[in-house]
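Each value in this text was obtained by applying a stated rule to the coordinates, not by laboratory testing. All values reported here derive from a predicted model rather than from experimental measurement. Neighbour counts are summed over all protein chains in view; Cβ atoms, including those assigned to glycine, are modelled from backbone coordinates with ideal geometry.
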Amino acid sequence: MATTQLARQCVQQLTPYQSARRIGGHGHIWLNANESPDNIDYPNPEQRLNRYPEFQPPELISAYANYANITPDQVLATRGADEAIDLLIRTYCEPGQDRVVINPPTYGMYAISAQTFGVEVVEQPVDVNFDPDYAALAKIDAKLIFICSPNNPTGNLIDLAKLEVLALAQQDKALIVVDEAYIEFSAQASAISRLSQFDNIVILRTLSKAFALAGARCGFVLGNAAVIQCLSKVIAPYPIPTPVAKLAELVLTRQLASMKQRVEALNQQRLAFKQQLEVLPGVEYLFNATGNFILIRFKQELFSAIAEKGIVLRNFTDKARLERCIRVSIGNPQEMATTLEAIRAFCQATCGEICL
Ligand SMILES: *Cc1c(COP(=O)(O)O)cnc(C)c1O
């Protein structure tokens, strides 16, 4: 695969750490991994926590592959999508030499991970609609191009036709990393159907958002088998704890329906919240809400006033082009009603002419 040549020289030449689990074996006496022989008592003794987990638990990988309608060799399980971001940078970028591209305002971890690894971050300005500048991205010299869709915090979705053109233009040069952390809330917008046609498209997923398992730390890289193989060389030998693997497998199989119900309820809740905001005079602009959050531009600063009422929102006012913007996650109906009431009360009390 051509993308193998994109990996750092040392990764291409690397023989990955040969853990006991990767080497494997058959038998009834296991003395090869310095494990404790006794399995202590805990709520799920069948999980055998005295033993190391599989490198990539096969049931978990096939559960996600089934869910995403792809093959197991296109899936890598990580400790959250955040680890996936870090892993991509450590696998494909030579510190002090290679570059990654982001389209701000966007998720912060791409830049942080790159910087901690000594990799330059190129900020490609988005257009007036906050969409990526696909023409500029096609020409840029970089190893990784991060596009978040739905974008956190603006909610912008990727244009799949433009993604195809971009992937082609960057073939054998860069990986296009589509971060789909929130894709279950806008499932029709997924780039997953393009995976098989373009070996340099990579998709990030997580169980932290729609699956309500942020505490479990479980995410996935979906990509061409060659990409997954390169990343497998760099990832930790036992990335997924056994209880997490079991839990994740469960939600991806027998509890898929409850995820879909949750997403439907949150999407309805988001729509209702948005409709109520639309008629508030203090609201200047509502961004396209496509995830489990909505970004709102107010006519005046109101973050601290709302915070004083014990409602903790995410303030983006200091970010370029997001003056007076606040991101509100979609909670339960009561939380949304209380938040809306606090916003309304503040606007009524202070807006005056500015809001008319
Ligand atoms: C929350 C989030 C992540 C991180 O997900 P984890 O799986 O919890 O690490 C990655 N990308 C985006 C855009 C996010 O909003």
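Show me the three semi-axes of the equivalent ellipsoid for segment 268-348, from the C-alpha gyration tensor (sqrt of 5 times each eigenvalue), largest first, rounded to whole Å.
17, 15, 12
For segment 58-255, what number results from the quotient of the Cα radius of gyration and 2.2 N^0.38 Å?
Taking the Cα Rg and dividing by 2.2 N^0.38 Å, one obtains 0.96.
Treat segment 182-316 as a sphere of radius equal to its Kirkwood radius over Cα pairs and apply Stokes-Einstein at 4 °C in a medium of 1.567 mPa s; give the translational diffusion coefficient in µm²/s, rounded to a whole number.
72
Along the charge dipole of segment 236-328, Cβ charges K/R +1 and D/E -1, which of LEU322, GLN261, SER304 sits furthest on the positive end?
The one lying farthest along the dipole's positive direction is GLN261.
Going out from 0 in 10 Å bins, what whole percent of all Cα-Cα distances in segment 49-127 drops into each bin?
Pairs per bin, as whole percents: 17, 34, 28, 19, 2, 0.
On a 0 to 90° scale, report how tilted helix 333-350 is relative to the longest principal axis of the chain, with both axes built from alpha carbons and the result rounded to the nearest 10.
40
Show me, for segment 156-161, the HN-Hα J-couplings you get by feeding each phi into the Karplus relation (A = 6.51, B = -1.76, C = 1.60, θ = phi - 60°), rounded to Hz, glycine and proline as x.
Values, residue by residue: 4, 9, 5, 8, 5, 5 Hz.
What residue among ILE201, ILE296, ILE29 shows peak mean-square fluctuation when the chain is described by a Gaussian network model with Cα springs under 10 Å?
The residue that fluctuates most here is ILE29.
Over 33 Å apart: what share of the alpha carbon pairs of the chain falls there, rounded to a whole percent?
The calculated P(r) of the chain puts 36 percent of pairs beyond 33 Å.
Size of the dipole of the chain about the Cα centre, Lys and Arg at +1 and Asp and Glu at -1 on the beta carbon, nothing else charged, in debye to 20?
Value, rounded to 20: 280 debye.
Any idea what angle helix 242-252 forms with the longest principal axis of the chain, computed on alpha-carbon atoms, 0 to 90 degrees, nearest 10?
The angle comes out near 60 degrees.
In segment 30-123, which GluC sites (Glu not before Pro) are in a loop and have at most 15 other Cβ atoms within 10 Å, using DSSP for the loop call? Numbers along the way, then the final one.
On the way: sites: GLU35, GLU46, GLU54, GLU59, GLU83, GLU120, GLU123; in loops: GLU35, GLU54.
The qualifying sites are GLU35.
Run down the aspartates and glutamates and flag those whose C-alpha is under 18 Å from the C-alpha of LYS246, throwing out any fewer than 8 positions away in its chain.
ASP41, GLU46, GLU54, GLU59
Please give the net charge around GLN255, taking every other residue with its beta carbon less than 11 angstrom from that of GLN255, where Lys and Arg add +1 and Asp and Glu add -1. Could the numbers behind the result be given before it?
Details: positive: ARG254, LYS260, ARG262; negative: GLU249.
With Lys, Arg at +1 and Asp, Glu at -1, the net is +2.
For the pairs LYS173/LYS233; LYS299/LYS319; LYS233/LYS260; LYS139/LYS319, note any where the Cα-Cα span goes beyond 24 Å.
Pairs exceeding 24 Å: LYS233/LYS260; LYS139/LYS319.
Expressed as an acute angle from 0 to 90° and rounded to the nearest 10, what is the orientation of the C-alpha long axis of helix 256-278 relative to the principal long axis of the chain?
The angle comes out near 20 degrees.
Could you calculate the contour length gain from ALA169 to SER196, that is, 0.36 nm times the residue separation minus the distance between their Cα atoms, to one decimal place in nm?
Values: separation 27, 0.36 × 27 = 9.72 nm, distance 1.66 nm.
Computed gain between ALA169 and SER196 is 8.1 nm.
Among residues other than ALA181 whose Cβ falls under 10 Å from its Cβ, what is the net charge (Lys/Arg +1, Asp/Glu -1)?
My count for the surroundings of ALA181 gives -2.
Quick one: Cα centre-to-centre distance for segment 52-90 and segment 15-30, in angstrom?
What the calculation gives is 20 Å, centre to centre.
How do the peptides 314-320, 327-333 rank, highest first, by the average count of neighbouring beta carbon atoms within 10 Å per residue?
For the peptides 314-320, 327-333, the packing ranking is 327-333, 314-320.
When a footprinting reagent is the concern and you count Cβ atoms within 10 Å, what order do LEU231, LEU250, LEU277, LEU31 take, fewest first?
The fewest-first ordering by Cβ neighbours comes to LEU31, LEU250, LEU277, LEU231.
Roughly how many whole Å is it from the C-alpha centroid of segment 296-310 to that of segment 208-236?
36
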